[in-house]
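Only the coordinates and a few stated rules stand behind these numbers; no lab work does. Because the structure is a prediction, the values reported are computed rather than measured. We place every Cβ from the backbone using ideal geometry, glycine too, and count neighbours over all the protein chains shown.
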Amino acid sequence: MHKRDFIDLRSFSREELEQILLDAEAIKSGQKDVSQVLSGKTLGMLFSVASTRTRLSFLAGTRQMGGHAEYLNTGDLQLKNRETVTDTARVMDRFLDGLIVRMYDMKSYGSGREALETIAANTSFPVINALDDKDHPCQVMSDVLTIKEQLGPDFRKKKVLLTWGFAQRQKSPGVTHSMMSAAALLGMNLEVAFPEGFEPDEAYINFAKKQAALSGGQLSFSHNMMAAAEGADVIYVKSWKALNLSDEDELAIKNSVRADWCLSSRHFEAASQHAVYMDCLPSIRGEEVTAEVKDGPRSIIFDEAGNRLYMQKAIMNFVFEKIKAPHHIPLFT
């Protein structure tokens, strides 16, 4: 059977995403045993940028599924000395059974995805996107799991607000793009708020609009965080880089709107009575969100982080179930 990569949620059907969610729930409850799915397998973790939750959850998840994950920093490999991504991928294909990749450069939007697709095209094992410059599918699937746990079986009808928040650091729009894709495919009610100039990639907007119409979901956009918070059941804050502005123009806009794009208790006064706060971390108190909200009773950010483990297991189970035989070509017959 052909391999299945996990790079972009737009490549998956609603039924497949729902199955992964069900598997994550069953793994978490102990009803599904995946302790031997990766038995005898070695996975590489190729990371060019920092990671805490993604790195730890994949390391722990792989071990708990019977496999071994080897962390590989690009700065420690010959990529540092201009060896090509293609050559690196072809070499890795001789040693590994799968690869988890976090690779992007916010100065060159799209270069991370190009590298990921090059790796996938030159390997016979599953490749999992652990965040590039376009998507963060593992994070968002875990977020949907958390939303479903918090809001119950009718979670699709509840309003989820994903809002841009001020941050000094430039960040990938991966969570935003993946959340739009997942929500549209699953028929969720999603509003995305951001200042003018911070629009998501048009290709993801168009996909999400089309899929929401097919799934019965709702998708809307706003340039006003306070107005968007009205009636929200989940407020999820996430900063991302402006895709069509120079660094200088982006910084100028960010500084000019900072006061209006820091999530605070006043936004929750407009939200539903039992609204919860989410962010994928890291976030800086006083930038994207106030300490009062981040550390307050509405915050479920550490439950959200904890669910990464179960979702990573469900994703790895999904892609490796597609491969029932060793992918390596025997040297002798």
- line: The distance between the Cα centres of segment 116-189 and segment 214-277, in whole Å, is 16 Å
field: Distance in nm between pseudo-label sites at ALA50 and ASN81 (7 Å out along the Cβ direction from Cα)
entry: 2.8 nm
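Of all trypsin sites (Lys or Arg not before Pro) in segment 51-133, which ones are in loop regions per DSSP and have a Cβ with at most 15 other Cβ atoms within 10 Å? Please report the intermediate quantities before stating the final value.
On the way: sites: ARG53, ARG55, ARG63, LYS80, ARG82, ARG90, ARG94, ARG102, LYS107, ARG113; in loops: ARG82, LYS107.
Sites meeting the loop and neighbour criteria: ARG82, LYS107.
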query: How long is the gain from GLN31 to ASP249 if the chain were fully straight, where each residue apart is worth 0.36 nm and the alpha carbon distance is subtracted?
result: 73.3 nm
message: Ignoring solvent entirely, what values of log10 I(q)/I(0) come out of the Debye formula for segment 180-269 at 0.11, 0.13, 0.24 Å⁻¹ when each Cα is a single scatterer?
response: -0.35, -0.48, -1.22
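When HIS223, HIS177 are ordered from fewest to most other Cβ atoms inside 10 Å of their Cβ, what list results?
On the way: HIS223 16, HIS177 27.
The order, fewest Cβ neighbours first, is HIS223, HIS177.
At 0.36 nm per residue, minus the direct Cα-Cα distance, what do ASN224 and ASP295 gain on full extension? Give it in nm, one decimal, please.
Numbers: separation 71, 0.36 × 71 = 25.56 nm, distance 2.38 nm.
Additional length available on full extension: 23.2 nm.
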message: Loop-only GluC sites (Glu not before Pro) in segment 53-141, please: DSSP not H, G, I, E or B, and at most 15 other Cβ atoms within 10 Å.
response: GLU83
message: If you wrap a convex hull around the alpha carbons of segment 243-326, what volume per residue comes out, as a whole number of Å³?
response: 178 Å³
- line: Taking R0 as 30 Å and r as the Cβ-Cβ distance between ASP260 and GLU114, the FRET efficiency 1/(1 + (r/R0)^6), rounded to the nearest 0.05, comes to 0.30
- prompt: Which shape class, rounded, prolate or oblate, goes with segment 138-305 when its Cα gyration tensor gives a ≥ b ≥ c as root eigenvalues, a/c under 1.5 marks rounded, and past that a/b bigger than b/c marks prolate?
  reply: oblate
Rh (Kirkwood; distinct C-alpha pairs) - segment 1-142, Å: 15.8 Å
Euclidean distance between Cα centres, segment 3-26 to segment 93-108, Å: 20 Å
field: In segment 165-233, the trypsin sites (Lys or Arg not before Pro) that fall in loop regions by DSSP, at most 13 other Cβ within 10 Å
entry: ARG169
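What pairs in LYS107/LYS254; LYS134/LYS209; LYS238/LYS313; LYS134/LYS322 have C-alpha atoms more than 19 Å from each other? Can you show the working numbers first?
Values: LYS107/LYS254 17 Å; LYS134/LYS209 17 Å; LYS238/LYS313 24 Å; LYS134/LYS322 25 Å.
As for pairs spanning more than 19 Å Cα to Cα, those are LYS238/LYS313; LYS134/LYS322.
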message: Using a Cα-Cα cut-off of under 13 Å, which aspartates and glutamates could be cross-linked to LYS148, ignoring same-chain neighbours fewer than 8 residues away?
response: GLU18, GLU25, ASP233, ASP303, GLU304
message: Through the Karplus equation 6.51 cos²θ - 1.76 cosθ + 1.60, θ set to phi - 60°, convert the phi angles of segment 250-255 into ³J(HN,Hα) values in whole Hz; use x for Gly and Pro.
response: 4, 4, 4, 5, 4, 5
field: Set of segment 190-230 residues, backbone N closer than 14 Å to the point 7 Å along the Cα-Cβ line of GLU18
entry: 215-217
